[in-house]
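A quick write-up on the structure given underneath.
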Amino acid sequence: MTRVTRAPLSRDPLVEEFLRYLADERNASTRTLKAYRQALTGFRAENKTPWKKCTADDFRDYLFALMKREQARSYVRLQFSAFRTFYHFLAARKKLRRNPVREVQLPKLEKKLPLVLTRHQIEELIAAPIKIDKKRAAPGWMPLRDVAIMELFYSSGLRLSELAALDVAHLDPYTESARVFGKGRKERVCPVGLPALEAISRYRAAANVHAGPLFINKARRRMSVRSIWLVLKRYVRHTSIPISIKLRHSFATHMLDSGADLRSVQALLGHASLSTTQIYTHVTVERLKKAYADAHPRA
């Protein structure tokens, strides 16, 4: 029996120009570029209508196909975010007058409250690298590095990508702050607590890290986002924590629990919109309700 192989799709010039624009002019991350490419090529694989002649019905049909496959609503909305941005580009650069994606009504995103670690669980997690045996091939400084990663992660509420991108020069122990480059290369300054600064100092002295990437692997190269995530995941197995790591969520919730205002937390997290930060207020309210129900005699 002869196997039929499907010829790969040829590169779409408009899509390639759009992706170059995102990379060169919008400083889009590699992850965004990959997601947008997949979204546009996925649509093109099912609909051969030229981009400039596509109608709202073409995109409604594609939406229906995605929903029929039971794709997550977050995934569906990401696909249409790519389409929407692409058509904004076509309007600006190719004088396209009509945006068919604007007429498509998307399913609402399901709001899931983030899972948050307790302060005791955070202490347990940060202590794990020192308590458990390190792998034989691992350098002696590696547990100190892992403690420093978790201390800084929780202290400043950074994204994993921001943590991985930090250089030694971005950290200022005198002002107790870190210069962080977030989404779209937007720069912000985040405060760094004394326990995190001390942990970083111990790690740098032991690992002889004086310049370049702040967090390195055993080959003395910059740690990737995935490597840092795997480090955190490994230590969770040695604790009583039954959930996936949410140190950034925990940072935001504990700040609000202690009286920080929402705008300050928004700035620290690097959120462009206040509505993104507001989900943490729901977590705080739920915790208050539980505390009330547990403590009040007439709750």
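The values are calculated or read from the model by the stated rules, or taken from the named source; none is laboratory data. Every value quoted in this text rests on a predicted model; they were computed, and no experiment measured them. For neighbour counting, all protein chains shown are included, and Cβ atoms are generated from backbone atoms with ideal geometry for every residue, glycine included. What goes into the accessible areas is simple: the full protein's heavy atoms, side chains included, and nothing from ligands, DNA or RNA. Shrake-Rupley method; radii C 1.70, N 1.55, O 1.52, S 1.80 Å.
A few notes on this one:
- Selection from segment 166-179 of residues that are assigned to a strand (DSSP E or B) and closer than 18 Å to A211 by Cβ: D167, L171, D172, A178, R179
- Flag if V168 is among the aliphatic types (A, V, I, L, M) and open to solvent by 50 Å² or more (accessible area, probe 1.4 Å): no
- Of all residues making up segment 24-49, the number that are closer than 17 Å to F80 by Cα and assigned to a helix (DSSP H, G or I): 16
- Neighbours by Cβ (under 8 Å, 6+ apart or cross-chain): first from segment 77-100, without any contact (Cβ under 8 Å) to a residue 24 or more places away in the chain; second open to solvent by less than 70 Å² (accessible area, probe 1.4 Å) and among the hydroxyl-bearing types (S, T, Y): N99/Y87
- Residues that are in contact (Cβ under 8 Å) with a residue 24 or more places away in the chain, under 18 Å from F18 (Cα atoms) and outside any helix (DSSP H, G or I) within segment 50-64 comprise just one, C54.
- Any chance T32 is open to solvent by less than 40 Å² (accessible area, probe 1.4 Å), under 24 Å from G182 (Cα atoms), polar (S, T, N, Q) and within 30 Å of the chain's Cα centre (by Cα): no
- Residue within segment 106-117 that is among the hydrophobic types (A, V, I, L, M, F, W, C), under 28 Å from the mean Cα position of the chain (by Cα) and not in a loop (DSSP other than H, G, I, E, B) present: no
- Residues that are of a type in the set (A, V, I, L, M) and over 19 Å from A128 (Cα atoms) within segment 182-206 comprise V189, V192, L194, A205, listed in sequence order.
- Hits in segment 120-165 - residues which are part of a loop (DSSP other than H, G, I, E, B) and not acidic (D, E): I132, K134, K135, R136, A137, A138, P139, G140, W141, G157, L158, R159
- Candidate set: segment 70-101, residues that are of a type in the set (A, V, I, L, M, F, W, C) and in a loop (DSSP other than H, G, I, E, B); chosen: the one farthest from S29 (Cα to Cα): L96
- Criterion: open to solvent by 70 Å² or more (accessible area, probe 1.4 Å), in contact (Cβ under 8 Å) with a residue 40 or more places away in the chain and not hydrophobic (A, V, I, L, M, F, W, C) - qualifying residue of P195, P173: P195
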